[in-house]
Amino acid sequence: QKEVEQDPGPLSVPEGAIVSLNCTYSNSAFQYFMWYRQYSRKGPELLMYTYSSGNKEDGRFTAQVDKSSKYISLFIRDSQPSDSATYLCAMSFNNAGNMLTFGGGTRLMVKP
Amino acid sequence: EADIYQTPRYLVIGTGKKITLECSQTMGHDKMYWYQQDPGMELHLIHYSYGVNSTEKGDLSSESTVSRIRTEHFPLTLESARPSHTSQYLCASRWTDQETQYFGPGTRLLVL
């Protein structure tokens with residue numbers, strides 16, 4: 001069983017929809033949680049970063065962490081065709097140099 | 001925005017050739033990483049470095065080698081390329097006291 005599970009998709013939604021992307025994980029020691037966006041043939045770019053449980057909002061994006069359920073989410077409001085990409089969740093134990101553990105990514109397609 | 005560069009962006013090469021993939025960052029990050037990512041698949045860590053003259057192998061076994069003679073430079077070398085090495089190679093870097101990694105644009109390698 002992988003440490004971090006993510007539905008690969010593809011997830012296809014109409015423009016303007018609210019998108020919910022999720023990851024589950026098995027190791028309760030993870031404390032730092034990130035979402036990366038990766039366009040085709042590009043490197044991942046950091047979208048959101050959160051520590052421990054709670055919500056964080058940045059524009060149309062909201063990251064949510066539920067450590068009790070070992071579940072994290074990324075919500076995209078008013079989705080745009082330019083949001084079409086693969087979204088990778090990542091997490092780490094602490095900020096002292098531990099590796100990031102990545103999910104496999106969810107491919108999102110937002111249709112005009 | 002992170003300044004991390006990879007060259008070449010695309011490389012097509014014959015079996016048995018020696019190749020070096022370049023990665024440079026201008027942020028003074030002490031930690032650097034190499035990942036391998038096949039299309040639609042998750043990232044696999046193949047090498048990492050915690051600083052100058054420090055290199056370690058990652059989770060995924062790789063026939064490549066790396067060096068870290070300067071803080072800003074982390075090249076990856078394949079002594080004898082094989083078709084099984086065909087993949088995308090992503091370089092990343094970060095500060096020790098930050099969890100977030102910044103990625104380069106990647107090198108897409110095709111070995112014939």
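Summary value for chain B: 36 percent relative contact order, contacts being C-alpha pairs under 8 angstrom separated by 6+ residues. Its Cα centre serving as origin, the protein assembly as shown has a Cβ charge dipole (Lys and Arg +1, Asp and Glu -1) of approximately 460 debye. In this simple spin-label model, placing a label point 7 Å from the Cα along the Cα-to-Cβ direction at both B:L110 and A:M109 gives a separation of 2.3 nm. Given a Förster distance of 45 angstrom, what is the FRET efficiency for A:K70 paired with B:R9, based on the Cβ-Cβ distance and rounded to 0.05? Efficiency for this residue pair is about 0.75. Past 30 Å, Cα to Cα, is the threshold; run B:K17/B:K57; A:K111/B:K57; A:K2/A:K42; A:K2/B:K31; A:K2/A:K56 against it and keep the listed order. The answer is A:K111/B:K57.
Restriction of the GluC sites (Glu not before Pro) in the range B:29-112 to DSSP coil positions whose beta-carbon has at most 16 other beta-carbons within 10 angstrom yields B:E63, B:E79.
Within a straight-line Cα-Cα reach of under 12 Å, A:K70 can be paired with the following aspartates and glutamates, leaving aside sequence neighbours fewer than 8 residues apart in one chain: A:E3, A:E5.
Based on C-alpha pairs under 8 angstrom that are at least 6 apart in sequence, chain A has a relative contact order of 37 percent.
If you wrap the protein assembly as shown's Cα atoms in a convex hull and average its projection over all directions, what's the area in nm²? Averaging across all directions leaves 12.1 nm² for the Cα convex hull.
Just so you know, all these numbers are worked out from the coordinates, no wet-lab data involved. All figures in this text were calculated on a predicted structure; none of them were measured in a lab. Cβ coordinates were reconstructed from backbone atoms using ideal geometry, including for glycine residues, and neighbour counts include every protein chain displayed.
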